[in-house]
Structures are given as C-alpha cells and as structure tokens.
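Shown next, in structure tokens, is the structure this report addresses.
The values are calculated or read from the model by the stated rules, or taken from the named source; none is laboratory data. Keep in mind that what you see is a predicted model, and the values were worked out from it rather than measured. We place every Cβ from the backbone using ideal geometry, glycine too, and count neighbours over all the protein chains shown.
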Amino acid sequence: MKEYVPALNEKQHQSTRNIDKTPNTGAVVLLKGDTKDKALWKLGRVVSKISGKDGIVRCLKLKYGNGYVVERPLQLVCDLEIGGEDPHWKPNPEAVLLLKREERC
C-alpha cells in the first residue's frame, strides 16, 4: 500500500502534463490513418478545439487541404509542431529582410 499511493500520485502528475500538449489553433497536424505508413496519413490544420463538460479538450475541428472541415478526437491527431499561434513569439527587429531577385537591382 505504501508503494501504491505514491505511484498513483506520480501517474496523476504525468496525465495533467499531457493536457498542455494539445495543438494550438492554426497548428498543422497529421491525422492517423489505418496504415502504419505515416507518409500516407492526411494533413490538416486546427480550426478550433472542442471541450467536454469537464472543460478538457476532447476533440479538434480540423480543415483538410481540400477545404473539408471534420472533427477528430485527440487520440487520432499527431501535432507536427510546425505552425499555429504562439503567444510568446515576437518578431526579431534585427532580422535581415530578404528581397526578391527582381528588387535587388
């Protein structure tokens, strides 16, 4: 019993950390398919999050490249972590502005 209770507490902490890993609105995600080959899975962009009665995000509303909008559970979505809104992002004022080849002359 002394080992069981701390193990439960540790598992609870692990499950609450995963809540923050839901993809943000605008993020690009992979939609898990029937095949194991991830190259055949569809890409989509998160339109909105759908929460359950308890306030936890359960589903995502996704938009395919062809314009279809579907709802998928979090278990069938893999975040690519390559896009979306980032509240901490700020543009770098020291960044070099690249011009098109025509405008350089």
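Screening GLY84, GLY67 for residues that are at pLDDT below 90, outside any strand (DSSP E or B) and touching a Gly at 6+ places or on another chain (Cβ under 7 Å) leaves exactly one candidate, GLY84.
Only a single item in (1) farther than 12 Å from ALA27 by Cα; (2) of a type in the set (A, V, I, L, M, F, W, C); (3) surrounded by 11 or more Cβ atoms within 10 Å (Cβ to Cβ) is not met by ALA39, and it is number (3).
Restricting attention to the range 43-64, the residues that are small (Gly, Ala, Ser) and either outside any strand (DSSP E or B) or within 12 Å of ASP79 (Cβ to Cβ) (or both) total 3. Only residues that are assigned to a loop (DSSP other than H, G, I, E, B), of a type outside the set (Lys, Arg) and either on the phi < 0 side of the Ramachandran plot or free of Cβ contacts under 8 Å to residues at least 40 places away in the same chain (or both) were counted in the range 20-36, giving 8.
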